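All remarks here apply to the structure that follows.
The values are calculated or read from the model by the stated rules, or taken from the named source; none is laboratory data. Note that the coordinates shown come from a computational prediction; the quantities given were computed from them, not determined experimentally. Methodologically, a virtual Cβ is constructed for each residue, glycine included, from the backbone with ideal geometry; neighbour enumeration extends over all protein chains shown.
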Amino acid sequence: MSQNRLESHSGVAIDFTFNGKAYQGIAGDTLASALLANGVNVVGRSFKYARPRGIFGHGAEEPNAIVQLGSGAGTIPNLKATQVELYQGLQASSVNGWPSVNFDVMGLIGAFGRLMPPGFYYKTFMYPKKLWMTYEHFIRKAAGLGATPVEADPDCYDKLNQHCDVLVVGAGPAGLVAAREAARTGARVIIADEQSQFGGTLLASKQQVDGIAAPLWVASLVAELMAYSNIQMLPRSTVFGYYDHNFLTILERRTDHLGLISTRGARQRLQRVRAAQVVLATGAFERPLVFAHNDIPGVMLASSVSTYVNRYGVAPGNKLVVFTTNDNAYQTALDWQRIGREVVAVVDTRSNPCGDTVAAVKAMGIEVIAGHGLIEAQGSKRVKRALVAPINEAGTQVTGAVRRLACDLIACSGGWSPAVHLSSHTGAKPEWDASIVGFRPGDSKQQERSAGASRGTFDLMGCLSEGASAGAQAAMLSGYGDGNLQFPAIAVDEYSEQPQQALFLVPHTKTTSRAPSQFVDFQLDVSASGIELAVREGFESVEHVKRYTALGFGTDQGKLGNINGMAILANALDQSIAETGTTIFRPSYTPTTFGAIAGRDVNNLFDPERYTAVHRWHVEQGAQFEDVGQWKRPWYFPKQGETMQQAVDREGLAVRNSVGILDASTLGKIDIQGPDAAEFITRMYTNSYLKLAPGKCRYGVMLKEDGMIFDDGVCACLGDNHYLMFTTTGGAAGVLAWLELWQQTEWPELQVYFTSVTDHWTTATVTGPNARKVIAKVCSDIDLSSDTFSFMDWRDGTVSGVKARVFRISFTGELSYEVNVPAHYGRHIWEALIAAGEEFNITPYGTETMHILRAEKGFIIVGQDTDGSMTPADMNMDWVVGKNKAFSFIGRRSLQRSDTVRSNRKQLVGLKPLNDKEVLPEGAQVVFDAKQKIPMAMQGHVTSSYYSASLGHSIALAVVKGGHKRLGQVVYCPLADGRSIASEIVSSVFYDPKGERHHV
Amino acid sequence: MSNGIKLESPLFYFQSSFNKSTSADELFNAEAECGLVVKEAPLSAHLILRGDSNDIAFCAAVAETLGVVLPLKSCTYHQEGNTSIYWLGPSEWLVIESAGQAQIIEAALRKALKGHIAIVDVSGGQTCINLRGVGVATVLKKSTVYDFEAWDLATSNAGRAVQTTFAKASAVISNRSDGSYDLVIRRSFVDYIAQWLLDAGEEFGCRIEQG
C-alpha cells in the first residue's frame, strides 16, 4: 500500500512510471491521485522562475501538474495529470524542469526572480530585432512546454455530426437531473461530461441525497438515464466550443484511458452537435487564496483535498491547515478529521464565522482561528509551516502578531467561480455579482441557459431544482413536454451557511511589492506585485494587463487565477471589479488535439480523387498522372526507359504524323434545354448562338462582368431548344453555378434548364491525319466524308456497337473526332478504338502532349495563359466577340473601359528563343533591356513554354505589353541564376497558321 | 448485353480489388454479418426531369407515363415497382427505372409532356448503392451533417430523400422500408466514396458486396 493511500480504499493495482521511476496506483486513479498516493511532491517547475510546484487541483483547473505521456510517435504533450486516467504501463514525465524536477538549473535563475518582472521578455529581448528568433528559441526551451512528436500520428481520429433537442453540458447534480427531465419528455438528449464518471462533485460528496449516499444516488440516476433510448451519454467528453446557431463541439476521448495508441477504432472523436436547446451545467472552480509563497508544494484547493480523500482514498499529507473565507471549506476539515489525520486549525478571515459546518468543526474540538489570515507558507519542496496573523475586517492589513503553525498541507478556499466559459463563447458578457463574489453568465445570446454552480447557485438543493427546471424548459422550447417538472423534488441534507468574505489578496506584514511572491497565476508565475507593477507602468485594460503579464495564458487558461487577478487589478486601478470586467473566453475550453480537428480527412481521404471510366486502362498502361482539379488525368504514357521529354516527343509526333488518342472525359459538360436556351447561351458567351443549327458546334469565350475571360469551350446545338455546353475541366462546377446564378437572379423570365452531364459521358478524342481511317473501322452508320461531316459538326451514330455522339472538334489542329458514349461503355469504346488504330500505331497521349500540341496552334488554356485579367482582345481573339448582338452579353460594357482599350495592355504573343533548344521557364518575366539595372521594368511574363518536337525548336506563349505590335522584336527573360534568355516575339500560332490540317 | 460489348458499373473495379471485408477484429475472418454492407444496384436508367410542378397537366402526364405520382413535397420520393421518382428541387426530379432503358423512357416522356420541360439521360454518370447494417446510422453521422434521425420511416412506396454532401462528395440519400439507405452518387467520385465507407465502417466491420 502506498504511503498516502487510505486503508479503506483498495482496487486492482496498476503500474506506471513518472520521470522514469516506477510507481503503483489503483484502478480508478487519475495520474494525479496516484502520484499523491505515492507521496510525490514536486511534479513540475514554473514557467519563469522554475520554482518547484506540486499538484494543486483535481481537474481542468490544475496549473502545475502538466505532463507528457509516452515517447515517439504517440507521445502527447501538455496533459494535466488531474485529467489523465491511469492505465497499466503509463509513462509520464514533467514537461518542464530540466535536467530534473528536483534539481533544476533554471531554478537558480529563480533566485533572481525580482530581475524578471512582467514584460521582462518584451523589455529584455526586444533588440536587436533580428535576434528575436534566437531569444525565442532559448525562452521556449527554458520554459519547457512539452515536446511535439516528429513522426506522423499513428492514431485514428474521426468526427460525428449529431443533432439533438437538448444538449446538457456537465453531468454533475444539475446536469443529471436536467437530462432526466428532458429525456422523460421524449426529446433527443445528449449529456456530456469531461470526466470518466458522471456525477461531478457528488462523486466526492459525503452528503445524503434522497436518503442515500451521494455516489450511490448518482449511480442509480445514471442507470435510470441509460434506460432511455432517446438519450446519448458521453463520458470523457469535453464540450470545448460553443459557436453560432447553437453549434457546439465535443472532444470525446475514446481510448486515451486504455493506453497510448489505440488498437481499434478512433482514439478521439470530434462530435459536432447542432442542438435546439442547451443546458450549461458546467459547475464552478474553487478559487485559491493569494498569500505569500502560496505555490509551495503542499498548498492545495480545499475541494481538491476533499476529492482526493473521498473519491480516490488518498490523503495528500498529514497535518492540515485549512484557510478559508467561507463555510464550504470547513467540510475539508471534517473529511480530514474523519480519516484520522490531524487538523491543525482552520484559519478563517471572517471575524465571527458561525454556520452549521463551522459549528460541526468546533464540536470536533478543532481550533478555528477567526479574523486571521494565513499570510505566508514556508518550506522549499514541501510546506513546513504556515504563518498566521490577525487581519482587519476589510482584509487589507495585518493587525497583530504572527503565529507559526507547523503543518505539511494547506487547503485553501477563496470561494467559487462559476465556469462561465461556454456561455462566454456565445458572446454573453459575464456579469459580476458581489453576492456570490463571482461572475455569473451574462444574458443568453443563444438558445441556452445555465443551471447550478455555473450560474452561481452553489447549494445542492438549488443545483438540483435549477437543473430540473432548466431541463424541462429546454425540452419544452424544443417542442417536447409542457415545461413542468416530471419528477418529485429530491431531499438533501441542508446546511445553513454564512456569507463568505470577498478576499482576493491576503495582506502580509510587508507591502505587496516587498512581500515574498503572492502567486495569482501559478503556471506563468504571475504574482500580485506583477499586476500592480503593470498598473504603475500604465496598463489599464484587463486585456492589456493579461498580455503584458501573461495572466491566464497557460494551459489552464486562467481557470484558477483570473478572478483574483482581475480583482487585484481593479483594486490597483481603484475601481470596481464590475468596471474592470473580465477577459473574453474563447474556444477551446481545454486544449484540443489537432488530430481530432482533422478527423478522417487525411491521407487518401484528404481530397477526393475523381477517375474517368477509362482510368484503370491508363493505370495498366503505366501512365503518369496529373491532378487537374480533383481529377486524375494521364499526364504522359512513358514506355520502358523513356524520359518524360522522350515520351511527349513521341506522343506529339504520333498525333502530327499518324493518330493519337486522348481521354477527354473530364471536360465539363452541361445539358441545356428550353425555349430560351439559345438566347441565354448568347448572353453568356461573347459570340452568338442564335443561328447555330442542329448538328453544328461553335467555340465561345465567357467573360465575367469585368470583361475578363473566365471560361471557354465548345457549345453544340443538339436539336430544337437543346444544347450541350463544354467547359474546361476545372471550370465545370463554377460555370454551372454561374449559369444558374444569372438565370435565377437576373433573367428568371428566360425558360431554360441546366443539367450537369460531365460524369455521364466518356469522351475519347481520336486525332491525327489517320483519325478518319480509325473511326471508319468502328463506325459504319455515319458518313465521315468531309463534305457531309465537316469541321465543327457533330453526328449521332454507332461506334463499335454502342450508340455514340461524335464531334469534329480539334484542340490539336489535326483532323479530330471526339467520340462520346455513356460512361458504362467507356472502357469498351476505348479499347475498340485502340484496336482499330493499331495498324496506324494509335498512340495514347496525356495532358502534357495535349498542352504542347495546342500551344503549337496558339490555343489558349484559360487559367494558364489567362489569369482573370485578360480580355479576348488581349488574347488576340477579337474574332470571338460578336459586335452586332441584339442583346448585350456579360462583360461587354467592360470591354469599352479606358483601361481595357489601352494599347499597352499585356497581349498574347509567341516567343521563339534565339537558342532554339532553350526552354523558357513558365512564369519568367519579360524585359526589353537585359542590361537595365534592378529594379527592371517588367513588360510581361511567359505563360506556357515547351519544346516542340514537331517544329524542332522550343516555343513559348507570353503576355507582353503592347505585344501585338512588337512582332519581330527581341525580348529578354532574366533568370534567377543570372542568365538572360533572348527570344524573338512571333505570332502565337506556330503550326499550320492557315488551319489547313483540321479542315480535311 | 450481347455482341461482346462490355458494360462496367462505376464500382466495377473497386469491387474486384476490395472483395473482402475490412475490419473490426471479431468480424474480420468471421461469417457474421458485417455492421456495414455496401451493395451497388444493377445498372439502371437514371434521368433528370425538369418541369413546372404547378402545372397540373405536367404532373398528370408524368404519373400517367411513369406510373408513379410525382412527389411534390420537398425531400421525398415515390416508388412503384421498378420506378422511383426523387424530389431534388421545386422543378427538378430524378427518375430511376431499374428495368428500363433511358432512351425509351425519355421518348415516352417527351411525347407526353408539353411546354417548358427538360429530360436528361444521366445513366452513365451515376450509380445507386445501398447501405445496410447496424453501423449505417453512425456511418451517416460520420459522413454528412444532415439529420437522418428526424426522418419518418419509409414505406414500400414512399420515403424521404435528400441531396446533400457526403464526405467531400455529394449524394442523393434516401431511406428504404427495410431500414437501409440508398445513396445515388456520381461515377467519378465512386472510388473515393467506397474508400471512405470502408474506413468509416471499419469499426463495425465493412464489406462491399458484389452487385
Practice prompt. Give the residues of the stretch B:157-172 that are assigned to a strand (DSSP E or B), of a type in the set (A, V, I, L, M) and without any contact (Cβ under 8 Å) to a residue 40 or more places away in the chain, sorted by residue number.
Written response: B:169, B:171
Worksheet item: How many of the residues in the stretch A:809-821 are more than 9 Å from chain B (Cβ to nearest Cβ) and either surrounded by fewer than 23 Cβ atoms within 10 Å (Cβ to Cβ) or among the aliphatic types (A, V, I, L, M) (or both)?
Response: 4
Discussion item. One residue is enough: does the stretch A:655-668 have a residue meeting the conditions surrounded by fewer than 21 Cβ atoms within 10 Å (Cβ to Cβ) and more than 14 Å from every other protein chain (Cβ to nearest Cβ)?
Written reply: yes
Discussion item. Looking at the stretch A:848-887 only, could you name the residues that are crowded, with 23+ Cβ neighbours inside 10 Å and hydroxyl-bearing (Ser, Thr, Tyr)?
Written reply: A:849, A:866, A:871
Worksheet item: Can you tell me which of A:271, A:232 is surrounded by fewer than 21 Cβ atoms within 10 Å (Cβ to Cβ), under 19 Å from residue A:448 (Cβ atoms) and not basic (Lys, Arg)?
Response: A:232
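Do we find a residue being out of contact with any Asp or Glu (no Cβ under 7 Å at 6 or more places or on another chain) and surrounded by fewer than 17 Cβ atoms within 10 Å (Cβ to Cβ) anywhere in the stretch A:515-526?
No, every residue in the stretch A:515-526 fails to be out of contact with any Asp or Glu (no Cβ under 7 Å at 6 or more places or on another chain) and surrounded by fewer than 17 Cβ atoms within 10 Å (Cβ to Cβ).
Output yes when any residue across the stretch A:672-683 is without any contact (Cβ under 8 Å) to a residue 60 or more places away in the chain and outside the structural domain of residue A:843 (by TED's automatic domain parsing), and no when none is.
yes
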Item to complete: Please name all residue pairs, on different chains or six or more residues apart, with Cβ atoms under 9 Å, provided the first residue is in the stretch A:849-868 and is closer than 12 Å to residue A:728 by Cβ and the second residue is among the basic types (Lys, Arg) and at pLDDT 95 or above.
Response: A:860/A:854; A:861/A:854
Worksheet, complete the sentence: Restricting the stretch A:532-579 to residues that are under 27 Å from residue A:146 (Cα atoms) and in contact with a helix residue (DSSP H, G or I) (Cβ under 7 Å, 6 or more places away or on another chain), the one surrounded by the most Cβ atoms within 10 Å (Cβ to Cβ) turns out to be A:565
Worksheet entry | Exclusive hit being closer than 20 Å to residue A:930 by Cα and among the charged types (D, E, K, R), set A:977, A:992 | A:977
Discussion item. If I ask for residues that are touching a Gly at 6+ places or on another chain (Cβ under 9 Å) and in a loop (DSSP other than H, G, I, E, B), which ones from the stretch A:907-941 would you list?
Written reply: A:916, A:939
Worksheet item: Which of the strands (runs of 3 or more DSSP E) contained wholly in the stretch A:378-475 include at least 3 residues that are under 30 Å from residue A:495 (Cα atoms) and not hydroxyl-bearing (Ser, Thr, Tyr)?
Response: A:383-390, A:409-413, A:431-433, A:438-440
Item to complete: Go through (1) within 18 Å of residue A:285 (Cα to Cα); (2) in contact with a Ser or Thr (Cβ under 9 Å, 6 or more places away or on another chain) and name the single condition residue A:475 misses.
Response: (1)
Worksheet item: Is at least one residue of the stretch A:822-838 away from chain B (no Cβ under 14 Å), part of a helix (DSSP H, G or I) and under 49 Å from the mean Cα position of the chain (by Cα)?
Response: no
Discussion item. Every residue in the stretch A:196-226 that is in a loop (DSSP other than H, G, I, E, B), within 16 Å of residue A:236 (Cβ to Cβ) and in contact with a strand residue (DSSP E or B) (Cβ under 9 Å, 6 or more places away or on another chain), please.
Written reply: A:196, A:198
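Residue by residue, here is whether (1) touching a strand residue (DSSP E or B) at 6+ places or on another chain (Cβ under 7 Å); (2) in a strand (DSSP E or B); (3) among the small types (Gly, Ala, Ser); (4) more than 13 Å from every other protein chain (Cβ to nearest Cβ) holds:
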position	(1), (2), (3), (4)
B:174	yes, yes, yes, yes
B:185	yes, yes, no, no
B:189	yes, no, no, no
B:197	yes, no, no, no
B:202	yes, no, no, no
B:208	yes, yes, no, yes
Discussion item. Suppose the filter is touching a Leu at 6+ places or on another chain (Cβ under 8 Å) and among the hydrophobic types (A, V, I, L, M, F, W, C); does residue A:930 pass it?
Written reply: no
Worksheet entry | Matching option when the condition is hydrophobic (A, V, I, L, M, F, W, C) and assigned to a strand (DSSP E or B), among A:738, A:794 | A:794
Item to complete: Inspect all residues belonging to the stretch A:477-496 and state whether any of them is buried (at least 21 other Cβ atoms within 10 Å of the Cβ), assigned to a loop (DSSP other than H, G, I, E, B), in contact with a Pro (Cβ under 8 Å, 6 or more places away or on another chain) and not polar (S, T, N, Q).
Response: no
Worksheet, complete the sentence: Of the residues in the stretch A:1-24, those that are buried (at least 21 other Cβ atoms within 10 Å of the Cβ) and either within 36 Å of the chain's Cα centre (by Cα) or on the phi > 0 side of the Ramachandran plot (or both) number 2
Worksheet item: Quick check: anything in the stretch B:96-119 touching a His at 6+ places or on another chain (Cβ under 7 Å), assigned by TED's automatic domain parsing to the domain that holds residue B:49 and part of a strand (DSSP E or B)?
Response: yes
Discussion item. Would you confirm, using the coordinates I've provided, whether residue A:944 is of a type in the set (S, T, N, Q), over 42 Å from the mean Cα position of the chain (by Cα) and either at positive phi or assigned to a strand (DSSP E or B) (or both)?
Written reply: no
Discussion item. Given the options A:875, A:850, A:870, name the one that is within 22 Å of residue A:987 (Cα to Cα), away from every other protein chain (no Cβ under 14 Å) and not in a loop (DSSP other than H, G, I, E, B).
Written reply: A:850
Worksheet, complete the sentence: Among helices (runs of 4 or more DSSP H) entirely inside the stretch A:535-644, those with 3 or more residues being away from chain B (no Cβ under 14 Å) are A:542-549, A:562-573, A:577-580, A:594-598
Discussion item. Looking at B:122, B:145, B:136, can you tell me which residue is out of contact with any helix residue (DSSP H, G or I) (no Cβ under 6 Å at 6 or more places or on another chain), crowded, with 18+ Cβ neighbours inside 10 Å and within 8 Å of chain A (Cβ to nearest Cβ)?
Written reply: B:122
Item to complete: Filter the stretch A:358-386 for residues that are surrounded by fewer than 22 Cβ atoms within 10 Å (Cβ to Cβ), under 18 Å from residue A:501 (Cα atoms) and touching a helix residue (DSSP H, G or I) at 6+ places or on another chain (Cβ under 8 Å) and give the result.
Response: A:368
